[in-house]
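Structure record follows, encoded as structure tokens.
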Amino acid sequence: ICPLGENAFAQTYPIKPITLVVPFSASGPTDTVAHLIAGPMGKDLGQEIHIENIAGDGGTIGTLRVARAAPDGYVILINHIGMATAPALYKKLPYDPLKDFEYIGQAVDVPMVLLGRKNLPPNNLKELESYIKSNKTHVTIANAGQGAVSQLCGLLFMSREGVELTSIPYHGTAPALTDLLGGQVDLLCDQTTQVGPYIQKNLVKAYGVTTPARLSSLPNIPTLQEQGLKGFEIEAWIGLYAPKGTPTAVIAKLNKALRSALNNPAVKTRLAESNIEIAPMSKVTPASLKQHLESEINRWGPIIRNAGAYAE
Ligand code: MLT
């Protein structure tokens, strides 16, 4: 990394701007969280953090790019639960989430909502279930590709309901939401990060939240669980990663910057508005992120395999 060794390298790090890769499209939920924390993180580090959107294949293209980047702390990744589910969703995933990365820290937990286009006839989950049964595969559901959390949520919904919907993949849920608002697709399961205002203005229908309890920001939307989908629970937890081999002292600086961003009052307020929970500081550590990732890989692997979803 540096002729004088890792310690000397880490002491002066960072001496130039850092790239934070968002593996989904601009203005979507992951990108929004990335933009919120990048400013305060950069301030703490004394260098700017530039965001690069490398979208496609449910976040796996951007994630691979970071796995293959130089391990010098200048290219890092923000990704969600897809880090844990991609190994089960892809027969040949070109990276290993447990071997090809260093872990900077867990950041936030993001609730999700099952949405329908404004003029979709059903007004609640029960009506949606009958509507789907009579319209079968003609009902479309948007997602951000195989590996995206919207895809996982849709997959769980189809498997629980015993129905097959027609999936329409996008590079992120920002363009998927645009099409839902335009009436080009019927359904989308998306993170609260970007959907609250559209629900409040009745521009989309909200059939249920994916958390065990209702959300204070959307108190009128019932949970999917209280409407009969027992155990239907999914949240898009988000963490930050660096390529394998990034020096420990560099990871420590990035971790300190992440903590400082998560403690920033403006960041806290914006996240709270969307019911996004900041991870307890005891969990914003490299070890905790790795442990959480491991347990999520073990949790979701069998669920995904039982639902029978693979990509090549
Ligand atoms: C995004 O930022 O577009 C989302 O996180 C996509 C998703 O995983 O559903």
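Some observations on this one:
- P(r) weight above 22 Å for the stretch 184-259, C-alpha pairs, percent: 45 percent
- A 1.4 Å probe run over the protein chains yields, for the stretch 156-246, 39 Å² of accessible area per residue, whole-number rounding.
- Taking all C-alpha pairs of the chain, those more than 29 Å from each other amount to 34 percent.
- Over the chain, DSSP H runs of length four or greater, each weighted -39,500 (n - 2.57), average out per residue to a 222 nm ellipticity of -12500 deg cm²/dmol.
- Checked against a 31 Å cut-off, the cross-linked pairs K133/K283; K99/K253; K92/K201; K118/K283; K136/K283; K133/K268 give Cα-Cα distances beyond that limit for K133/K283; K92/K201; K118/K283; K136/K283; K133/K268.
- All Cα pairs of the stretch 55-151, percent lying beyond 22 Å: 45 percent
- Translational diffusion of the stretch 188-312 was estimated from the Stokes-Einstein equation, with Rh taken as the Kirkwood radius over Cα pairs; at 10 °C and 1.306 mPa s the coefficient is 92 µm²/s.
- Simple Cβ-charge dipole of the chain, Lys/Arg +1 and Asp/Glu -1, about Cα centre, in debye nearest 20: 180 debye
- Note: the stretch 17-102, Cα convex hull, 87 Å³ per residue.
- Surface composition of the chain: carbon and sulfur atoms hold 52% of the protein heavy-atom accessible area at a 1.4 Å probe.
- Charge tally in the Cβ shell below 15 Å around G42, where Lys, Arg are +1 and Asp, Glu are -1, G42 excluded: +2
- Scaled against the 2.2 N^0.38 Å expected of a compact globular protein of N residues, the Cα radius of gyration of the stretch 69-207 reads 1.17.
- Charge tally in the Cβ shell below 11 Å around G105, where Lys, Arg are +1 and Asp, Glu are -1, G105 excluded: +3
- Principal-axis tilt of helix 248-262 within the chain, Cα atoms, nearest 10 degrees: 50 degrees
- GluC sites (Glu not before Pro) within the stretch 46-132: DSSP coil, no more than 16 neighbouring Cβ in 10 Å: E48
The values are calculated or read from the model by the stated rules, or taken from the named source; none is laboratory data. The structure displayed is predicted, hence computed values, not measured ones. Note that each Cβ is placed from the backbone with ideal geometry, even for glycine, and that neighbours are counted across all protein chains shown. These accessible areas exclude ligands, DNA and RNA; they are computed on the full protein's heavy atoms, side chains included. Shrake-Rupley method; radii C 1.70, N 1.55, O 1.52, S 1.80 Å.
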